[in-house]
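S.K.: Dropping the structure in here first, questions after.
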Amino acid sequence: MISESDLLDRVPSGLYIGGEWRPAEDGATLDVFDPATGRRVKTIASASVADGKAALDAACDAFPSWSRTPARDRSEILRRAFDLLQERKDEFALLMTVEMGKPLAEAKGEIAYGGEFIRWFSEEAPRIQGRYGANPEGTGRMIVSQHPVGPCFLITPWNFPLAMATRKIAPALAAGCTVVIKPAELTPLTTLYFAQLLEDAGLPKGVLNVITTKTSAAVSEPIIRDPRLRKLSFTGSTPVGQKLLEQAAGAVLRTSMELGGNAPFLVFEDADLDKAVDGAIAAKFRNIGQACTAGNRFLVHRSVADEFARRVSERVRSFGIGRGTEEGVTIGPLINDKAVEKVSSLVDDAVERGARLETGGKIIDGPGSFYEPTVVVDVQPGSDILREEIFGPVLAIQPFDDEDEAVRLANDTEYGLVSYVFTQSLTRGQRMIERLETGMMGLNTGLVSNAAAPFGGWKFSGLGREGGAEGILEYVQTKYTLTPNP
Ligand code: NAD
């Protein structure tokens, strides 16, 4: 097993532009920290506006050749990348734990999940299809064909450093698009190391370019406004997504937006409570609660609310807290102190408005950015914690009295990413599919993500889908051709 310092030495520290690793043109750098210790772990290049333009130039130059590369060849490069990721999975897991804080076992889980997008889209590349047939009048033939959309700009968040990148890179490359990717400044190392892996898998120069920067807004805007760019795919918060949509409007840019969530987690009186508790722990505490799919509001039928709270609290009290590299740790740090303060203020507000703490509720003294895993019950309407994404290890329970009230509360948010429903009634489950306003739903399960499924939200949670048969459609454009009968 490679040591942490050897691994960090191995991760490139430059920008990856046109197949070359290079420093920022103005020499600027960016420090990366371990959130479990507060320690700086590496210093890397911080791209300028000129570097961003150079990266787009490279993606534009590489597009004609890559878009004409046979689908089978594109597929095989992706498949090699998938295989290399399996070989290097311990390294990627350690790297993610160091820069983002998640426990090592979860980092391995992310590699399994993130890797599946590479395998899935390596299989989709040769299956991009068109159609041919007579028009209804019988006067001609209609041909419908799909074409890569062009150079793409991909912006990813810090919470899943590998999977958020592969979920975009793999379909883009499979479709024949070239890419500039800008990872989050808090966790850029995984993307740099992954670019190295793609190079090792045989990806031609310029097809993928990576810009890391501490001036994301300044570097991104000129790229988004450049008329040569044909697609923007963003994962991050809704306010930033809205800003980028405005910038994209000028060039009528194709966009995909994977934005924030505020997932309701419904436990009905007829639920299997053991399964609901397992589902709640998975939906809430995976990634230390820092997932867009995290259960945010636990709506529990009043008749089982106390028992549900008792059982989840018992589980939560048994969590091991610490640096994700340590044995037995299930809860790592939050990404930084700002995140800790936000979580803490949401809990304090809920308690001031009448909620009760079952367990947790306090900031853990440093070093590192830790908050106690927390269960808070009887959360009162109007509390901030019901309206905002918590993005931390806090399970907030609000009781309800009947199904209509549960649905009303669940849908009472501008977000619509995912919902979770625990019931043993098939017809109630079916009613929830019809009534809950979310792009995804876990019916008696607390985890929904899968590379073969269309991931994405309704309402303020976004536009477009990642994964599944739908995922590649985000990176192709349709052409219809009419030709007279032969
Ligand atoms: P964020 O919006 O602050 O940042 C996301 C990315 O955008 C980062 O790379 C950041 O550097 C960049 N960015 C920020 N401001 C920018 C600007 N003005 N111009 C260009 N780029 C800019 O979000 P975050 O804190 O990194 O991630 C957490 C958020 O992401 C949460 O809201 C979460 O729900 C959401 N998220 C959504 C999904 C999904 O699939 N729907 C998945 C993961 C995370």
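S.K.: So for the chain, Kirkwood radius off the Cα pairs, Stokes-Einstein at 10 °C and 1.306 mPa s: how many µm² s⁻¹? List each step's numbers first, then the result.
M.R.: On the way: Rh = 23.3 Å.
Translational D for this selection: 68 µm²/s.
S.K.: How big, on average over all directions, is the shadow cast by the Cα convex hull of segment 326-484, in nm²? All intermediate terms of the calculation are to be shown ahead of the outcome.
M.R.: On the way: hull surface 58.1 nm².
Dividing the Cα hull surface by four gives the mean projection, 14.5 nm².
S.K.: Continuing with this model, one more query. What's the magnitude of the charge dipole for segment 205-340 around its Cα centre, counting Lys and Arg as +1 and Asp and Glu as -1 at the beta-carbon? Answer in Debye, nearest 20. Intermediate values should be presented prior to the final figure.
M.R.: Working: 19 positive and 15 negative charges, 152 e Å.
It works out to roughly 740 debye.
S.K.: Let me ask you something else. Which entries in LYS231/LYS479; LYS108/LYS231; LYS102/LYS342; LYS102/LYS338 show an alpha-carbon gap greater than 22 Å?
M.R.: Working: LYS231/LYS479 17 Å; LYS108/LYS231 31 Å; LYS102/LYS342 19 Å; LYS102/LYS338 17 Å.
In this structure, LYS108/LYS231 exceed 22 Å between Cα atoms.
S.K.: Go ahead and run the numbers for FRET between ALA71 and ARG10, Cβ-Cβ distance against an R0 of 25 Å, rounding to 0.05.
M.R.: Numbers: r = 32 Å, r/R0 = 1.29.
Between ALA71 and ARG10 the formula returns 0.20.
S.K.: How far is the Cα center of segment 167-200 from the Cα center of segment 318-378, in Å?
M.R.: 32
S.K.: Please tell me the relative contact order of the chain in percent, rounded to the nearest whole number, where contacts are Cα pairs under 8 Å and at least six residues apart. The partial results should precede the final answer.
M.R.: Numbers: 1152 pairs, mean separation 89.1, N = 486.
It comes to 18 percent, rounded to a whole number.
S.K.: If you don't mind, there's one more thing I want to ask. What is the distance, in nm, between label points placed 7 Å from the Cα along the Cα-to-Cβ direction at ARG310 and at GLN129?
M.R.: The two pseudo-label positions are separated by 5.6 nm.
S.K.: What are the aspartates and glutamates whose alpha-carbon lies under 14 Å from the alpha-carbon of LYS42, with same-chain residues fewer than 8 places away excluded?
M.R.: Reachable aspartates and glutamates: GLU4, ASP6, ASP9, ASP31, ASP34, GLU99, GLU185.
S.K.: Residue-wise, which Karplus ³J(HN,Hα) couplings in Hz belong to segment 196-213, taking 6.51 cos²θ - 1.76 cosθ + 1.60, θ = phi - 60°, and x for glycine or proline?
M.R.: Here the 3J(HN,Hα) series is 4, 5, 5, 4, 5, 7, x, 5, x, 4, x, 5, 10, 10, 10, 10, 9, 7 Hz.
S.K.: Taking Cα centroids, how far is segment 430-464 from segment 6-48 in Å?
M.R.: Value for the Cα centre distance between the two parts: 36 Å.
S.K.: Another question, then. Could you size up the charge dipole of segment 312-362 around its Cα centre, putting +1 on the beta carbon of Lys and Arg and -1 on that of Asp and Glu, and report it in debye to the nearest 20?
M.R.: Numbers: 8 positive and 9 negative charges, 14 e Å.
In total the dipole reaches around 60 debye.
S.K.: A further question follows. How about segment 331-403: which trypsin sites (Lys or Arg not before Pro) there lie in a loop by DSSP and see at most 16 other Cβ atoms within 10 Å? Write down the numbers at each step before the final one.
M.R.: On the way: sites: LYS338, LYS342, ARG353, ARG356, LYS362, ARG387; in loops: ARG353, LYS362.
Sites meeting the loop and neighbour criteria: ARG353, LYS362.
S.K.: Given Cβ point charges of +1 (Lys, Arg) and -1 (Asp, Glu) and nothing else, what value in debye, to the nearest 20, does the dipole of the chain about its Cα centre take?
M.R.: Numbers: 53 positive and 65 negative charges, 309 e Å.
Roughly 1480 debye for the chain.
S.K.: Within segment 442-486, what residues put their amide N at less than 16 Å from the label point 7 Å along the Cα-to-Cβ vector of ILE143?
M.R.: Answer for this model: 478-486.
S.K.: Which FRET efficiency value, to the nearest 0.05, is calculated for LEU245 and ASP274 with the Förster distance at 45 angstrom and r the Cβ-Cβ distance? Don't jump to the answer; show the numbers that get you there.
M.R.: Working: r = 43 Å, r/R0 = 0.95.
Calculated value: 0.55.
S.K.: Between GLU405 and ALA282, how high is the FRET efficiency from 1/(1 + (r/R0)^6) when r is the Cβ-Cβ distance and R₀ = 35 Å? Nearest 0.05. Don't skip to the answer; put the middle values down first.
M.R.: Details: r = 25 Å, r/R0 = 0.73.
The computed FRET efficiency comes out at 0.85.
S.K.: Going by average Cβ density within 10 Å per residue, which order do the peptides 163-176, 97-110, 422-435 take, highest to lowest? Intermediate results must be reported in sequence, preceding the final value.
M.R.: Values: 163-176: 27.8, 97-110: 24.0, 422-435: 14.9.
Result, highest mean Cβ count within 10 Å first: 163-176, 97-110, 422-435.
Laboratory data are not the source of any read-out in this text; all were calculated from the coordinates shown. Source: prediction; values computed, not measured. Positions of Cβ are backbone-derived with ideal geometry, glycine not excepted, and every protein chain shown enters the neighbour counts.
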